[in-house]
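Values quoted throughout were computed directly from the atomic coordinates according to the rules given, and no laboratory measurement underlies them. As the structure is a computational prediction, the values presented were derived from the model and not from experiment. Glycine gets a Cβ as well: all are built from the backbone with ideal geometry, and neighbour counts include every protein chain shown.
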Amino acid sequence: MDERISVYDDKMRKTYEYMEADFAAIRAGRANPHVLDKLRVDYYGTPTPIQQVGNITVPEARVIQIAPWEKTLIKAIEKAILASDIGITPSNDGAIIRLVFPELTEERRKDLVKEVKKKGEEAKVAIRNIRRDGNDAFKKLAKSDISEDEIKQLEEELQKQTDKFIKEVDALVEKKSKEIMTV
């Protein structure tokens with residue numbers, strides 16, 4: 001692959017990977033520890049990822065269990081969970097925090113599918129913007145000693161990469177939507 005194309009390919013890949021990580025945080029009826037990925041706990045004045053202050057397990061299909069390494073962190077972890085947008089109230093027994101995920105209603109599932117489709121659309125727009133930036137850069141090359149045929153070839157190659165990533169985004173949106181709608 002031409003190095004002029006690979007720059008844009010990398011940007012498209014990062015966009016796809018960002019969307020993939022975003023989807024991992026969307027809960028689909030089952031307990032998924034990735035819903036905690038963006039949570040930060042106040043650990044001695046420093047916002048620290050929740051995975052670095054305790055052990056996170058999924059003992060049952062709809063329960064996430066957090067065992068902090070220091071008992072003093074229980075209140076801070078609870079506070080971080082309550083302040084987040086995951087919509088689950090934590091319960092603790094003094095040593096372990098449990099998050100029990102309720103069964104999703106049909107309406108909530110449809111809302112989540114809409115959210116997934118919206119995020120997929122945003123990713124596709126970002127990928128198309130990367131393509132546009134690439135095409136603009138190739139047009140600027142035309143002022144130097146590069147032929148029109150080469151520019152046309154670069155644009156076609158970039159379009160192939162764009163189509164590939166758009167297809168991957170659509171496939172991931174479809175997969176996540178099915179996962180959410182599965183009862």
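Values for this structure:
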quantity	calculated
Anchor LYS119: aspartates and glutamates whose Cα lies under 17 Å away (excluding residues fewer than 8 positions away in-chain)	GLU17, GLU20, ASP22, ASP85, ASP111, GLU168, ASP170, GLU174, GLU179
Leading residue at positive end of dipole, the chain (Cβ point charges), from PRO102, HIS34, THR46	PRO102
Assigned charges on the beta-carbon of Lys, Arg, Asp, Glu; region 1-83 dipole about Cα centre (debye)	400
Highest-first arrangement of 84-95, 142-153, 99-110, 65-76, where packing means the average Cβ count within 10 Å	65-76, 99-110, 84-95, 142-153
Exceeding the 18 Å Cα-Cα cut-off - candidates LYS11/LYS160; LYS140/LYS164; LYS124/LYS152	LYS140/LYS164; LYS124/LYS152
Magnitude of the charge dipole, the chain, Cβ model with Lys/Arg +1 and Asp/Glu -1, debye to 20	600
Most to least packed among 51-57, 115-121 [average Cβ atoms within 10 Å]	115-121, 51-57
Unit charges on C-beta of K, R, D, E only; dipole of region 36-140, Debye	680
Per-selection Kirkwood Rh - region 5-132 (Cα, Å, 1 d.p.)	16.4
Over region 125-183: Kirkwood hydrodynamic radius from C-alpha pairwise inverse distances, Å	13.3
Dipole of region 64-183, positive end: most advanced residue of ILE130, GLN65, VAL113 [Cβ charges, Cα centre]	GLN65
